[in-house]
Each structure stands twice: as structure tokens, then as C-alpha cells.
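Asks: Next up is a structure, given as C-alpha cells.
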Amino acid sequence: MAKLTLYHAAPSRSSVTCWMLEEIGEPYDIHLLSLTKGENRTPDYLAVNPMGKVPALKHGDVVITENAAICTYLADEFPRAKLNVPVGDPRRGVYLKWLFFGPSCIEPAIMDRAFPRKEEARRAALGYGDYDTVMDVLAKAVSKDTYLMGQQFTAADVVIGSGLRWGMMFKLLPERPEFVTYVKRLEQRPALQRADAKDKELAAA
Ligand SMILES: N[C@@H](CCC(=O)N[C@@H](CS)C(=O)NCC(=O)O)C(=O)O
């Protein structure tokens, strides 16, 4: 099987991919980078990800970047883990919607809150519309069933769950009861616990 290598800074956004890899359950290597030492800006790493960002995932000769793309890729590439909704399944459209909602709505809504613009942007001009609507849509989605796709835990939960988890950790998202309950449920997953433990160990080394 082609080798999996995660380019990771512990903890950071690449912890999302680490969680996903733990859910997949295939062996992988970690190539640790120190962001504070600028190891993500070296020519060697820029050849892997010209954005100079983590995560990046190497699978054989393929390099994938962007958390949501990596999670989508891994779920499709390793269907045995049952973390995807496959092509042909009518639920796939909604599944993809949530995978894209993370980077295209949650992340910019949070970042605009953390670093407000001098002038308020028109709602129609922002891809995510407005912060409160994003929160309301999310609260409804995560409280409807056990997971976003019902009883099935999927890569979409890794992406959206991570956004909610990190957002609340950095006080950029409200601790709405729907978010807290959903995140607590995710935190019971052994794969997330293993990823967290790995991050603690790597950060302390
Ligand atoms: N859009 C990327 C964002 C990745 C990202 O911003 N990673 C941060 C770590 S939290 C990073 O590499 N920062 C280092 C830098 O920009 O110098 C994704 O979703 O994967």
C-alpha cells in the first residue's frame, strides 16, 4: 500500500487531518514541522505545499493539501472505514455540502470575527452571509441526530466538528448547548482521543 505521510505541527489545523487519519486506521508517518522556527517556509517544505501551510498529506506520490480536501480524499480512498458517502448515494450531496461548509462558511465567519474589517461588508458580498446565520444553521444541523449525516459518522463530522471545537476553544464561537453536546459526543471517539494524545506528546517533545 502507498505510504501515508502527514506534515504536521502539533497542535494546529493539521490536527484535523491527524484525527481523520486515526479514524481511517491505516498506518501513517508524521513529518513534524515547527511553525515558530519557520520550518514551513523552507524550500523543501514549500516544494510540498507552496502555501507554506500545514497540513499536507503525501499518499505515495500524491500530495493533498487543505483539510477538507484531505478528509474527503481519505474517506473516499479508504471506504472500508465507512467515513464517506459514496458517489451514487443520494445523501452524497448533503455530505459534500457539509465538507465545503467548513472552509467556505465557518472558517471565514470565525476569522472575520477575530479580525474585523474597518468597514462592514455587505451581507450579499460575503460567501458565508453573516455570522449569526452560520451559527443558527450549524446549531440546527448538529442537533438533529447523532451526527451530521444521521447515525453515520463521516468525514464531514471531522471537518465541522473540528471547526466547532477549535472555535469554542478560542472563544470565537458561542458555547451554544447544541455545539457543546455535539463536540462532547465527538470527544468520546477513541480516534479523536488518540489524535489529542499524540499532539500532547509531540508538543511536549
Ligand atoms: N486552508 C488551510 C489552512 C491551513 C493553515 O492555516 N494552517 C496553519 C496552521 S493552524 C499554518 O500552517 N500556519 C503557518 C503559516 O501560515 O505560517 C486548511 O484548511 O488546511
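What follows draws every value from the coordinates through simple rules; no lab data is involved. All of these numbers come straight from a predicted model, not from anything done at the bench. Glycine gets a Cβ as well: all are built from the backbone with ideal geometry, and neighbour counts include every protein chain shown.
Asks: Between ASP145 and LEU202, 0.36 nm times their residue separation minus their Cα-Cα distance comes to what? All intermediate terms of the calculation are to be shown ahead of the outcome.
Replies: Details: separation 57, 0.36 × 57 = 20.52 nm, distance 3.44 nm.
Extra length available between ASP145 and LEU202 comes to 17.1 nm.
Asks: Oh, and also: Taking only Cα atoms and a 10 Å spring cutoff, compute GNM fluctuations for the chain and point out the largest among ALA124, ALA69, ALA47.
Replies: Evaluated over the chain, the most mobile residue of the options is ALA124.
Asks: Here's another thing I want to ask about it. Would you please give the residues with an amide H less than 5 Å from that of ILE30, counting only those at least 5 places away or on a separate chain, with H modeled from the backbone geometry?
Replies: It is LEU6, by chain and number.
Asks: Is the shape of region 1-152 rounded, prolate or oblate, going by the alpha carbon gyration tensor and its root eigenvalues a ≥ b ≥ c, with a/c under 1.5 for rounded and a/b larger than b/c for prolate? It would help to have the intermediate numbers written out before the result.
Replies: Values: a/c = 2.26, a/b = 1.15, b/c = 1.96.
Because a/c hits 1.5 or more and a/b fails to exceed b/c, region 1-152 counts as oblate.
Asks: Something else: Can you list the aspartates and glutamates whose alpha carbon is less than 19 Å from that of LYS37, not counting same-chain residues fewer than 8 positions off?
Replies: Here the aspartates and glutamates satisfying the reach criterion relative to LYS37 are ASP199, GLU201.
Asks: Just flag the GluC sites (Glu not before Pro) in region 67-165 sitting in loop per DSSP whose Cβ has no more than 10 other Cβ atoms within 10 Å.
Replies: GLU119, GLU120
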